[in-house]
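Here is the structure we will look at, set down as structure tokens.
Rule-based calculations on the coordinates, nothing more; no lab input. Every value quoted in this text rests on a predicted model; they were computed, and no experiment measured them. Here Cβ is always computed from backbone atoms with ideal geometry, including for glycine, and neighbour counts include all displayed protein chains.
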Amino acid sequence: MVRFVLFCTLTVSLCAQQRGHKAHEHGHAKLAIAFETTTGMPTGAVELESPAESIIGFEYVAKTPADKAKQEKALATLKTRFGEMVILPAGCKMTPAKVEVHVDGQHSEVHAEFNVKCAGPIAGKSISFGFSKVFPKIDEVEVQLLAGAQQAKLEVEKDKGTLQIAK
Amino acid sequence: MVLLSLAWKSLRNRLLTTSLTVLSIGLSMALLLGVENVRVGARESFANTISQTDLIVGARGGSLQLLLYSVFRIGQATNNISYESYQHWKNHPAVAWTIPYSLGDSHRGFRVVGTTEDFYQHLRFRRDRQIEFAAGHSPKDVFDVALGSDVAQALGYKLGDKVVIAHGVAAGRGIADNDHADKPFTVSGILKKTATPVDRSLYIQLEGITAVHIDWADGAPPMAGDEIPASKISKENMKVEQITSFLLRCKSRIATLQLQREINTYKDEAMQAIIPGVTLQELWRTIGYAEDALQVVTIFVILVGLLGMLVSLYTSLNERRREMAILRAIGAGPGKIIALLVLESGLLAFAGCILGVVMIYGLSFIFQPIVEQQFGLYVPVQPPTQTGWIYLGAVIFAGLLIGFVPAWKAYRNTLADGLSVRV
């Protein structure tokens with residue numbers, strides 16, 4: 001009996017931990033950009049959260065060598081061509097910090113983090129986008145920007161629109 | 001250059017008409033720029049209702065709803081969050097400060113907010129302005145209350161007055177049975193006006209909220225004889241178990257992103273963290289239609305102003321038929337006449353714009369404090385915005401363009417027409 005109760009509690013708590021899924025919409029990615037300051041030589045971080053389907057082309061766990069290779073290649077492209085997807089003000093350099101695939105139930109997401117270092121002030125400059133040039137399946141990106149005291153948001157559809165960093 | 005001096009002299013010659021035309025353009029220009037300033041001011045005031053807060057955290061639900069009840073005190077939370085979870089995030093190494101809010105009670109239509117000393121220390125609005133006291137101090141005792149300036153003004157309270165808070169947030173007086181009449185609060189402080197929703201609430205300690213509900217069971221007031229008297233309640237024996245939401249400041253902006261993700265995926269309690277500026281921007285987009293309406297009105301105003309200028313130039317042309325004819329007679333070609341009239345009209349528009357800018361500067365300088373006091377709207381006294389410059393340029397251009405109408409008429413009025421007029 002005790003075992004049974006223990007088993008039940010365990011399974012329930014395990015399940016409870018896995019409940020609650022994030023919204024997941026193919027083609028719709030989320031990007032967050034943060035800069036500590038906009039003057040001097042700002043440092044920052046950029047995070048991308050995208051359905052794996054939009055980047056790798058599938059969402060199941062890659063098991064076959066072909067799938068694994070495809071995944072590797074997509075993630076490598078993400079790392080090397082991220083500067084074409086998120087076009088920061090001139091003088092800002094992004095270096096990949098983490099690029100992973102998270103499996104959440106039947107879906108999986110690509111999570112990428114980049115560190116940013118800028119050589120000069122970025123106040124008043126703008127950020128533009130080119131996601132679909134690199135991954136054509138990404139057609140809508142919700143962009144959040146934190147830059148010093150500024151908090152802004154932009155819905156980027158088919159790479160249209162720029163985000164202005166406040167002066 | 002000769003033309004310019006001629007245009008100037010001709011305008012000066014008809015000083016009254018000229019001044020009236022300039023005044024009418026100036027007024028419409030001032031109105032246009034004024035509305036533009038109010039528009040920018042409204043947006044700025046709105047966006048700066050809350051500053052320096054990186055995240056607002058509450059129970060999982062709509063982000064707009066969380067913003068509305070935490071910042072604007074509109075609507076209610078569907079769920080509270082446990083004090084334990086709050087403590088967890090408060091002590092998180094990336095967090096600089098937090099301000100907890102416990103909502104749900106009211107006093108004569110104004111919301112009562114349970115909070116801590118952090119509220120008076122850390123809350124910022126309009127970039128870096130902080131809460132100040134017009135009188136008294138922040139609540140130090142469980143049954144102390146600080147009043148927002150609108151509350152004190154509307155209800156005529158002063159320091160030391162007794163305030164009974166009501167259960168629930170329905171407008172007007174709470175149901176008598178639901179009053180926490182057995183545990184009145186004493187006004188310990190009155191806040192200075194902030195022109196933000198802060199002015200429209202009463203502030204007590206988190207323990208105060210616990211204290212008024214301590215003898216309640218299942219959301220109902222205690223039965224007669226079961227009440228716990230206020231004298232037996234002290235801050236120490238009040239255990240806060242839940243709060244509604246909290247504001248949070250991170251030590252760094254990069255940490256904000258990580259913390260937001262951590263809170264949103266927190267396994268122990270369903271919570272959500274929103275970035276206030278981003279949600280405010282979303283909210284503004286939904287209520288921003290009023291902005292467009294204002295803009296349409298001002299465009300009509302400027303059209304009327306320009307039309308007035310056209311009328312005045314056109315009618316003055318009648319008096320000037322002789323002048324035109326003489327100019328033609330002494331050798332000015334039709335091109336010169338056209339240029340002269342276009343220049344005059346452009347000069348009028350230019351002078352009107354300058355007058356408008358001067359007027360709006362003066363008026364906003366004089367009325368800024370009054371508008372802020374009365375409407376809670378901070379209209380910045382600043383050089384014209386980008387849109388303002390576009391308006392100015394457009395009006396001068398339109399002025400030049402309008403000059404072509406009388407110019408065309410003058411061109412068609414032949415030499416003979418002017419000379420044959422009997423004066």
#### Entry: Cα-projected label distance for A:Ser128 with B:Glu282, points at 7 Å along beta-carbon direction, nm
2.8 nm
### Query
Helix B:276-287 versus the longest principal axis of chain B: what is the Cα-based angle in degrees, 0 to 90, to the nearest 10?
60 degrees
### Task
Counting helices only, and only those DSSP H runs with n ≥ 4, report the 222 nm mean residue ellipticity of chain B as the sum of -39,500 (n - 2.57) divided by its residues, in deg cm²/dmol to the nearest 500.
-16500 deg cm²/dmol
### Query
What order do you get for B:Met271, A:Met94 when you list them from fewest to most C-beta neighbours inside 10 Å?
A:Met94, B:Met271
### Query
Tilt of helix B:2-13 relative to the longest C-alpha principal axis of chain B, in degrees (0 to 90, nearest 10)?
80 degrees
### Summary
The helix B:15-47 Cα axis meets the longest alpha-carbon principal axis of chain B at an angle in degrees, between 0 and 90 and rounded to 10, of 20 degrees
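Looking only at other chains, what is the average number of their beta-carbon atoms within 10 angstrom of each beta-carbon in B:251-260? Before the final figure, lay out each step's value.
On the way: counts 0, 6, 16, 14, 3, 6, 10, 5, 0, 3.
Across B:251-260, the average partner-chain Cβ count within 10 Å equals 6.
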### Message
Over 27 Å between Cα atoms: which of A:Lys30/A:Lys70; A:Lys70/A:Lys133; B:Lys90/B:Lys239; A:Lys73/A:Lys98; A:Lys153/B:Lys193; A:Lys98/A:Lys153 fall into that group?
### Response
A:Lys153/B:Lys193
